[in-house]
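The values are calculated or read from the model by the stated rules, or taken from the named source; none is laboratory data. Everything quoted here is computed from the prediction, not taken from an experiment. Neighbour counts run over all protein chains shown; Cβ positions are idealised from the backbone, glycine included.
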Amino acid sequence: MDSSFYKILVVNGPNLKFIGKRDTQVYGFDSIYDLHDILNANYKDLISRVSMEIFQANGEGAIIDRLEKAWQSKVYGMVINPGAYTHTSLALADCLGWIRIPYVEVHLSNIWSRDTIRHQSLTARHSLGVIAGFGIMSYVYGLQALVDFLDNDQKTGS
């Protein structure tokens with residue numbers, strides 16, 4: 001495995017601040033802030049390779065501002081759960097398209113097993129891929145996929 005160290009941003013959209021406490025039958029009992037503990041306990045090799053910042057905002061503009069800041073500061077990659085903006089935000093989709101930071105879109109629930117409006121993702125178009133339905137582990141799998149992509153990208157010099 002490559003020994004590169006990557007600056008990663010984990011972006012969370014609206015209503016994700018209180019996962020683990022609300023709608024636990026849909027989203028599970030772990031919060032986005034448990035991610036560091038899960039990685040440190042079970043994925044030491046992975047977490048030792050990244051500097052990870054977790055960001056959450058309910059407002060579309062705040063998320064876009066943070067994505068633009070990530071572009072300016074040369075973040076290597078992102079794991080993003082846009083929440084409901086996945087299905088509604090052309091502005092967020094446009095921003096993800098122009099900043100061209102590699103990202104994996106993740107969802108706690110299986111969006112394709114829920115109401116029909118959630119079956120469409122406007123934000124996945126420019127993603128490396130989508131991981132959904134594994135609760136907080138969707139973030140872990142997304143981070144692993146992102147690091148694997150970045151390692152391969154470093155090797156090929158793309």
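Annotations for the structure displayed:
- Subset tally (residues that are part of a helix (DSSP H, G or I) and modelled with pLDDT of 95 or more) for region 98-112: 2
- Counting only helices (runs of 4 or more DSSP H) wholly contained in region 1-97, the ones carrying 1 or more residues that are more than 23 Å from Ala124 (Cβ to Cβ) occupy 24-27, 35-42, 44-47, 60-72.
- The residue that is surrounded by the most Cβ atoms within 10 Å (Cβ to Cβ), counting only those in region 135-158 that are assigned to a loop (DSSP other than H, G, I, E, B) and small (Gly, Ala, Ser), is Gly135.
- Scope region 123-134; condition in a loop (DSSP other than H, G, I, E, B) and over 16 Å from Ala84 (Cα atoms); matching residues: His126, Ser127, Leu128, Phe134
- Those residues of region 17-48 which are of a type in the set (Lys, Arg), farther than 21 Å from Asp115 by Cβ and surrounded by 11 or more Cβ atoms within 10 Å (Cβ to Cβ), in sequence order: Lys17
- Taking each residue of region 140-154 that is in contact (Cβ under 8 Å) with a residue 12 or more places away in the chain and looking for partners that are hydrophobic (A, V, I, L, M, F, W, C) and part of a helix (DSSP H, G or I) with beta-carbon atoms closer than 7 Å, six or more apart or interchain, yields Val140/Ile38; Val140/Leu39; Leu143/Leu46; Gln144/Leu46; Val147/Leu46.
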